[in-house]
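Since the structure comes first, as structure tokens, the remarks are kept for the end.
A short reminder: the numbers here are calculations on the coordinates, not readings from a lab. Keep in mind it's a predicted model, so treat the numbers as computed, not measured. Here the Cβ positions follow ideal geometry from the backbone for every residue, glycine too, while neighbour counts run over all protein chains shown.
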Amino acid sequence: MNLKNYLLIFLIHLILMSCGLPVSVNGQNKYTSFTPGEIWEDNQGVHINAHGGGIVYHKGVYYWFGEHKGQRSNAALVGVTCYSSTDLYNWKNEGVALTVSDDEESPIVKGSTIERPKVIYNAKTGKFVMYFHLELKGKGYEAANVAVAVSDDVVGPYQLVKNSRVNAGKWPLNMTDEQRNSTVNSADFDKWWTPQWMEALKEGLFIRRDFEEGQMSRDMTLFVDDDNKAYHIYSSEENLTLHIAELTDDFLDYTGIYVRVEPGGHNEAPAIFKKEGRYFMITSGCTGWDPNAARLLTADHIMGPWTLHPNPARGEDAELTFHSQSTFIIPVQGKKDAFIFMADRWRPKTPIDGRYIWLPILFEDGLPVLKWFDEWDLSIFN
Ligand code: DGJ
């Protein structure tokens, strides 16, 4: 190549980089910024397919796990995908970490619903542990199960270990004896959503209903605390109440210790981080695939009490969380107090085209704030 061509290519790269567009270097796409809502290509030039995702950082690499979405279907036709990155901008497709089964008897048969997978690493066992929301094929959202899969290798293959409701036969820590022993039950109500029904719900109507079978678990995340204790945080009680359940040391089971958060608050899509000993949780309301206003909760202890604050989003479309729904909060490695809000802009009719809304978490008066940026990079945290 002559000097003129070199200069021309160099100039094109400069222009593309200044627009935050991918630059092909040795066949790899190269981003130097985040452009929320735009197509985000992986190393093969294909829009990343890892929705409702979460990230685990291991040995200098970020691994992004998410739902593989089809052209027309939200059902799990492939499984949970995995991408890796060292800079958070450029992602390499690592393939399918958990594959759906062809066996109609399997809970993760092709056509089941697999949502919001999250992976954590257990240093004691050396295993990577994946939790996800699982709905059984043909049963809508009725099962409300959590599934657990494990792998020795971060990118998989993950093997399904179990799927079930949560904490069968256990009472939440923050339920009184009176609430536990109440005889009020669902049959006492002709209709849902009346003030009396809502009061009963807050007093533990569905906890008692689901006590034997185990509590419902839909939208979810995982969190590993500084002391290596891990927690499963999920929408329970017909999506009306969040639960935070402590996991056993191997992360494969529950200790039976759990709390209810915001009974009747209708929170979905929990995402959590910890800063200076304080826990921050961003959630959404429940409007199916449509966006709504984010909620912010804080606590000094993971088991609460949790305090609800106003919507952390600011500016245009703040009441719709910039047309997205939370899924995870990424602690940026090597930068103090740097966290990325990770959300999905769902496209239920063409799910594969769902977009990723990653925004920096800013702080005002000690509380997280979300503001829209067409384009931003990690230097915002400097
Ligand atoms: C909102 C949830 O957050 C998503 O994960 C998915 O379950 C949709 N509802 C289904 O309508």
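From most to least packed by mean Cβ count within 10 Å, the peptides 362-368, 257-263 give 257-263, 362-368. Region 288-363 and region 88-166 have Cα centres separated by 23 Å.
Between S182 and D317, 0.36 nm times their residue separation minus their Cα-Cα distance comes to what? Present the calculation step by step, with values, prior to reporting the outcome.
Values: separation 135, 0.36 × 135 = 48.60 nm, distance 4.30 nm.
Length difference between fully extended and current span is 44.3 nm.
In this simple spin-label approximation, L252 and D190 carry label points 7 Å from Cα along the Cα→Cβ vector, and these lie 5.1 nm apart. When you count the other C-beta atoms within 10 angstrom of each residue and take the mean per peptide, 220-228, 81-89 line up highest first as 81-89, 220-228. Taking 7 Å steps out from each Cα toward its Cβ at V161 and E38 produces label points 4.1 nm apart.
With charges only on Cβ, +1 for K and R and -1 for D and E, what is the dipole size of the chain about its Cα centre, in debye, rounded to 20?
Details: 36 positive and 50 negative charges, 160 e Å.
Computed charge dipole of the chain: roughly 760 debye.
Taking N as the number of residues in region 241-382, what value does Rg over Cα atoms divided by 2.2 N^0.38 Å take? Before the final figure, lay out the partial values.
On the way: Rg = 15.5 Å, N = 142, 2.2 N^0.38 = 14.5 Å.
That works out to 1.07 for region 241-382.
Checked against a 31 Å cut-off, the cross-linked pairs K202/K229; K127/K335; K118/K191; K30/K110; K92/K349 give Cα-Cα distances beyond that limit for K118/K191; K30/K110.
Please compute the net charge surrounding G256, taking Lys and Arg as +1 and Asp and Glu as -1 over other residues with Cβ under 13 Å from its Cβ. Overall, the nearby charge balance is -1. Here region 213-235 and region 177-211 have alpha carbon centers that stand 24 Å from each other.
Counting only the backbone N, which residues of region 225-263 are under 13 Å from the spot 7 Å out from the Cα of T125 toward its beta-carbon? Output list for this probe position: 230, 247-255.
Relative to the longest principal axis of the Cα atoms of the chain, the long axis of helix 3-18 lies at roughly 30 degrees. The Cα trace of the chain gives Rg and Dmax of 21.3, 85 Å, the first to one decimal, the second as a whole number. Multiplying the residue separation of E375 and V78 by 0.36 nm and subtracting their alpha-carbon distance yields 103.8 nm. Entry note, the chain: relative contact order of 13 percent, from Cα contacts under 8 Å with a spacing of 6+ residues.
Extents of region 145-293, taken as max minus min of Cα coordinates on every principal axis and listed largest first, are 51, 34, 31 Å. Can you check what the net charge comes to around R355, using other residues whose Cβ is under 9 Å from the Cβ of R355 (Lys, Arg +1; Asp, Glu -1)? Around R355, the surrounding residues sum to -1. Each 10 Å bin from zero up to the one holding the largest Cα-Cα distance in region 66-180 carries the following percent of pairs: 13, 39, 29, 14, 5, 0.
Spacing of the modelled spin labels on D226 and V109, each 7 Å from Cα toward Cβ, amounts to 4.8 nm.
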